[in-house]
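Working notes, structure below.
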Amino acid sequence: MRLSHRALHKADTGNDAPALRPTARRLAERAAALAVRHLLSRQNAEGWWKGDLECSVTSDAEDLLLRQFLGILDEKTTHAACLFIRGEQREDGTWSTFRGGPGDLSTTIEAYVALRLAGNAPDEPHMAEAAAWIRAQGGIAASRVFTRIWLALFGWWKWEDLPALPPELIFMPRWFPFNIYRFACWARQAIVPLTVVSAMRPVRPAPFCLDELHSEAGVPGPTRRRDPLRGWGGFFLRLDRMLHVYHKVAPSRLRRAAMNSAARWITERQEDDGCWGGIQVDATYSLIALHLLGYELDHPVMHAGLASLDAFAVWREDGARVIEVSQSPVWDTSLAVSALADAGARPDHPALVKAAEWLLGKQHLGLGDWAVRRPGLVPGGWAFQFHNDNNPDLDDTAEVILALRRVQHPDPVRVDAAIERGVRWSLGMQSKNGGWAAFDADNTSSVVGRLPFCDFGEVTDPPSADVTAHIVEMLALEGQCADPRTWRGVEWLLAEQEASGAWFGRWGVNYVYGTGSAVPALVAAGLPEAHPAIRRAVTWLSSVQNDDGGWGEDPRSYRDERWAGRGASTASQTAWALLALLAAGEWQSESVERGIGWLAQAQCDDGTWDEPYFTGTGFPGDCSMKYHLYRQVFPLMALGRYLHRRPLGQPLDRTTGVPSPRQP
C-alpha cells in the first residue's frame, strides 16, 4: 500500500533524526512525479484533457424546467438531477452559488421548484425550511429577473410584471446604444432568444402552485420596482413602461419580421454539436424560443440542440446527474501541456505531440461575432469548448500558443503558421485602452448593464487583468516585447494594480488569480524583479498566506474586499500564488517553501489534490465555477517551475528543440 505524503514525511523524519527532515525540493520532486503520472493517465485517446466544469444547482434546476416546458421530462432524469440538488442543500435549508457560500435567494427558489417537480412535498421539513427562508428574504418578488422569467413560463409569475424585451431589438443599428452587439457574446446569445419569449409570453400549465414562496402566503410581493424618476433609474423605468405599452400595439408585420430575424440569427449560430456558444444556458433559451416559433421537437435543429444538452450531463457513481454549464477541453488541454512541460516532460513526449496535434485542429479560421468590431481582421483564435466556431477567445488563444511552443511537433512549419495567425489575431483584438477582453474588443458599454432585465451577471466584456496578462506573456515569449501594442498592455496592467499590490481576477477567484497571472506576464515582458509593482505584489501575497502555508480566497471577495486573499487553502490558489512568487525571483523565500510544502503535504496518494471549493468565475459575485482539472494542472506547474527554476513557460528553440532564453 502506498503511503501518503504525510506518512512519508513522518517516516523520513522520525522522532530521533531531525537532520533527515525532507527538504521542500524532495517533497516537490515526489509530488510532481505522482502528479505527472496521474495527469498523463487522464489524457483522452484523441489527445485532449477535460475536467468537469461544475456550477451552482441553477443549471440543473433550469434543465428540469426546460424539459417540463417542452413536455419531455422523465422520471429518471428528474430523480437523478434532484439527487444532486438535494445533496447541495445547506443546513439552513438554502442553496448557495458556490460551495461554502451564503444562501442565495434565486438559487434557492429554483432548487426548491426543481425538488417540487421531483415530488418533494411543501410540508417536508427540508422544503418547509427552504420556503420559510425564501419568504423571509422577500419571496419570489425579490428574486432576479431571470428566475422570474422561468416562473412566468408556468404562470407562477405574471409576464406583465417583468421588464419588457422586444424582439425588434434585432433591428437596432450597431451605433444604437442598445443594439445586440453592445452585449457580451454570452449575453447576446441569451438575450436574442429571450426577446422572442418575452414577446410571445407563453404559459404552460403549472403542475403545482407556489403560493408558499410569496412574502405573504398566497399574496405576490410588489409587482413593480419603484425606482426614482430622476437619473438612470427613472429613465429606464419610463422606458420599460413605454415598451410594455408598445407590446400591446406593436405592428404585427413588424413583430413577425423581428421574430423571424431573431430565429435566423439563432439558427445561424448553432454549432456543429447542436449547442449555442458552447454554453448550456444559451442553448436552453434558444431551444425555448425556436420551439415557440414552431420548431417541433423532431426538427433537426431542436433534435441536435437537445442532444447537445444531454452531452452536458455528468452521471456520477452515486446516481446523481450534474449539468456542466460549459465544457473546457481546449483550455484544459493547453494548461495540461504547459504543466507537463514545466514538470520536465520531453518536448517530443508522445502525449504532448498528440495534444498539440489536437489543438492545431481546433484553430478557428472563419469569421465570428468578434468581426463586427474588427471587420478587417484575419481570424486565427481558439475557443474554450469542443465546438464554438462563432466565439474564439483571447484567453484560450494565448494559452494554446504558450502550450504549442513547449512541444516539438513533427511539422514545425504548420505550428509556426498557426501561431502566427493566433498572434496576429490577438494583437488585432486589443481594446483602445491597451487591455484585452475575453471575446470582443471595446465591448465596454456602461449603459446596457443598467437595463432592468440585466440584474444578474456581467453583460459586457471589458478588458481584464488576467486575460491581458496571458496575452502579454504570450506576446513576450513570442519575441514581441518591442511591439508598442505589447507595451500598451504592460502599461494597462501597471495602471490596473490595486493599492494593496494585487490585481483583480475576472475569470478566477480573485485577487490571488489576478496576481498569479499578472506578475509572470510583467516579468516575461522585461520588468525587473525589483520593479515596485512586482515587489508590492510579493508583499501582498506574503501577507495573505495562510498559517498552514497555502493560499485561498473566497468568492465573496468580489463583493466585499475584506475577503481579498482570505479563504481556506486550495491547491489551485496556492499554485497561482507560487507562480507569481517564483516569477518574482522568490525561489528561496520562506513563503515559497511553505507553499511548496503545503502542496506536497495536501496531495492525495494517487497524485491528485482534493479541492471542494469553487475557484473559477463565470460572473464575478454571481456565478462561481469549479474547474475539476485546476487542482491538478496548476499545482504541477508550480512544482515544475520550482524544481527546474523556470518561472515562465519558455518556448522551444525552433532548431534545437530546447527552451530558448527568455526575451529581454
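The values are calculated or read from the model by the stated rules, or taken from the named source; none is laboratory data. Keep in mind that this is a model prediction, so the values were computed, not measured. Neighbour counts are summed over all protein chains in view; Cβ atoms, including those assigned to glycine, are modelled from backbone coordinates with ideal geometry.
The table below lists the values:
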| quantity | calculated |
| --- | --- |
| Test: residue in the range 385-404 that is among the aromatic types (Phe, Trp, Tyr) and assigned to a loop (DSSP other than H, G, I, E, B) | yes |
| Selection within the range 443-477 - in a loop (DSSP other than H, G, I, E, B), surrounded by fewer than 20 Cβ atoms within 10 Å (Cβ to Cβ) and small (Gly, Ala, Ser) | Ser445, Ser446, Gly457 |
| Near pairs, Cβ below 7 angstrom, 6+ apart or cross-chain, from the range 31-46 (among the charged types (D, E, K, R)) to any residue that is not in a helix (DSSP H, G or I) | Arg37/Gly607; Arg42/Trp49 |
| When residues of the range 564-585 are limited to those that are in contact (Cβ under 8 Å) with a residue 40 or more places away in the chain and surrounded by fewer than 21 Cβ atoms within 10 Å (Cβ to Cβ), the one nearest to Gly526 (Cα to Cα) | Gly585 |
| Pairs where the first residue, in the range 186-211, is in the same structural domain as Ala258 (by TED's automatic domain parsing) and the second is of a type in the set (Asp, Glu), C-beta under 6 Å, 6+ apart | Gln189/Asp282; Ala190/Asp282 |
| Any chance Ile534 is closer than 19 Å to Ala564 by Cβ and in a helix (DSSP H, G or I) | yes |
| Whichever residue in the range 424-454 is aliphatic (A, V, I, L, M) and in contact with a helix residue (DSSP H, G or I) (Cβ under 7 Å, 6 or more places away or on another chain) and, among such residues, is nearest to Ile401 (Cα to Cα) | Leu427 |
| Some residue of the range 122-136 being outside any helix (DSSP H, G or I), in the same structural domain as Leu293 (by TED's automatic domain parsing) and within 29 Å of Pro612 (Cα to Cα) | yes |
| Every residue from the range 102-121 that is farther than 16 Å from Cys55 by Cα and part of a loop (DSSP other than H, G, I, E, B) | Ala118, Gly119, Asn120, Ala121 |
| Residue count, the range 410-435 (criterion: surrounded by 23 or more Cβ atoms within 10 Å (Cβ to Cβ), assigned to a loop (DSSP other than H, G, I, E, B) and without any contact (Cβ under 8 Å) to a residue 60 or more places away in the chain) | 2 |
| Which numbered condition Cys481 misses (of (1) crowded, with 20+ Cβ neighbours inside 10 Å; (2) touching a Gly at 6+ places or on another chain (Cβ under 6 Å); (3) at pLDDT below 95) | (1) |
| Matching residues in the range 170-193 - criterion: being crowded, with 20+ Cβ neighbours inside 10 Å and out of contact with any Asp or Glu (no Cβ under 7 Å at 6 or more places or on another chain) | Ile170, Ile180, Arg182, Phe183, Ala187, Arg188, Ile191, Val192, Pro193 |
| Test: residue in the range 501-518 that is within 22 Å of Leu53 (Cβ to Cβ), hydrophobic (A, V, I, L, M, F, W, C) and not in a loop (DSSP other than H, G, I, E, B) | yes |
| Residue that is farthest from the chain's Cα centre (by Cα) [pool: residues in the range 72-101 that are assigned to a loop (DSSP other than H, G, I, E, B) and free of Cβ contacts under 8 Å to residues at least 40 places away in the same chain] | Asp74 |
